[in-house]
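Student: Below: one structure in C-alpha cells.
The values are calculated or read from the model by the stated rules, or taken from the named source; none is laboratory data. Keep in mind the model is a prediction, meaning the values are calculated, not measured. Note: ideal-geometry Cβ built from the backbone for every residue, glycine included; neighbour counts use all protein chains shown.
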Amino acid sequence: MKVDDASFMKTVEDVKASEAEALKIKAEADEKAQLILKSAKREAEEMRLEGEKKSLEQKEKIISDGKKSTEGEVKKILSSAEKEAGKISGGKADSKEVSLLLKDFLGSFQ
C-alpha cells in the first residue's frame, strides 16, 4: 500500500502544481486584458477628441462662410439703397418708384 500512497501523493502534488500554473496563466491573461482595455479606452478617447476638433473646425468654417455670404448680401442691399437714395435726393424718382423701392426694401427683411 505504500507504493499506492506515494503514487496518490504524487498525483495530488501534480494536480496542485497544475492548478497553480492555471492560476498563474489566468492572472497573466487578466493583466494582458486590462492593458488591452486601457489602450482601447485611450484610443477611443483620442478618437472622440479628434472628432470634436474636426466638428468644431467645420462649424467655424460654416459660420465664417455664412458671415461672408451675409456681408455680401448686405453690401448689395446697401449699394442698391444708396443708388435709389441718390435718385430720390436728386428729385429723379416719382412716387411710384419710391413706393416700389420702399416695398423692396421692407421685403428684404422678411
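Student: Looking for whichever is out of contact with any Lys or Arg (no Cβ under 9 Å at 6 or more places or on another chain), of a type in the set (Lys, Arg) and surrounded by 10 or more Cβ atoms within 10 Å (Cβ to Cβ) here; the options are Lys83, Lys96. Which one fits?
Tutor: On the way: Lys96 fails: surrounded by 10 or more Cβ atoms within 10 Å (Cβ to Cβ).
It is Lys83.
Student: Another question, then. Are any of the residues in region 21-34 out of contact with any Cys (no Cβ under 6 Å at 6 or more places or on another chain) and either of a type in the set (Ser, Thr, Tyr) or not in a helix (DSSP H, G or I) (or both)?
Tutor: no
Student: Also, I was wondering about something else. Of the residues Ala44, Ala22, Ala40, which is without any contact (Cβ under 8 Å) to a residue 12 or more places away in the chain and more than 29 Å from the chain's Cα centre (by Cα)? Give the derivation first.
Tutor: On the way: Ala44 fails: more than 29 Å from the chain's Cα centre (by Cα); Ala40 fails: more than 29 Å from the chain's Cα centre (by Cα).
Answer to the selection: Ala22.
Student: State the number of residues belonging to region 1-29 that are among the acidic types (Asp, Glu) and exposed (fewer than 10 other Cβ atoms within 10 Å of the Cβ). If you could, list the steps in order and put the result at the bottom.
Tutor: As a first pass, look at region 1-29 and keep what is among the acidic types (Asp, Glu): 4-5, 13-14, 19, 21, 28.
With the extra rule that they be exposed (fewer than 10 other Cβ atoms within 10 Å of the Cβ), the set shrinks to 4-5.
The number of residues fulfilling the criteria is 2.
Student: Would you confirm whether or not region 43-62 contains a residue that is within 30 Å of Leu106 (Cα to Cα), of a type outside the set (Ser, Thr, Tyr) and modelled with pLDDT of 90 or more? Steps first, please.
Tutor: Quick first cut of region 43-62, residues within 30 Å of Leu106 (Cα to Cα) only: 62.
Keeping just the survivors that are of a type outside the set (Ser, Thr, Tyr) gives 62.
Checking the rest, the ones that are also modelled with pLDDT of 90 or more come to 62.
Taking every residue of region 43-62 in turn, at least one turns out to be within 30 Å of Leu106 (Cα to Cα), of a type outside the set (Ser, Thr, Tyr) and modelled with pLDDT of 90 or more.
Student: Six or more apart or on different chains, Cβ under 7 Å: which pairs go from a residue in region 64-81 that's in a helix (DSSP H, G or I) to one that's surrounded by 11 or more Cβ atoms within 10 Å (Cβ to Cβ) and modelled with pLDDT under 90? Could you list them?
Tutor: Once the first residue is in a helix (DSSP H, G or I) and sits in region 64-81, its partners that are surrounded by 11 or more Cβ atoms within 10 Å (Cβ to Cβ) and modelled with pLDDT under 90 give Ile77/Ser108; Ala81/Phe105.
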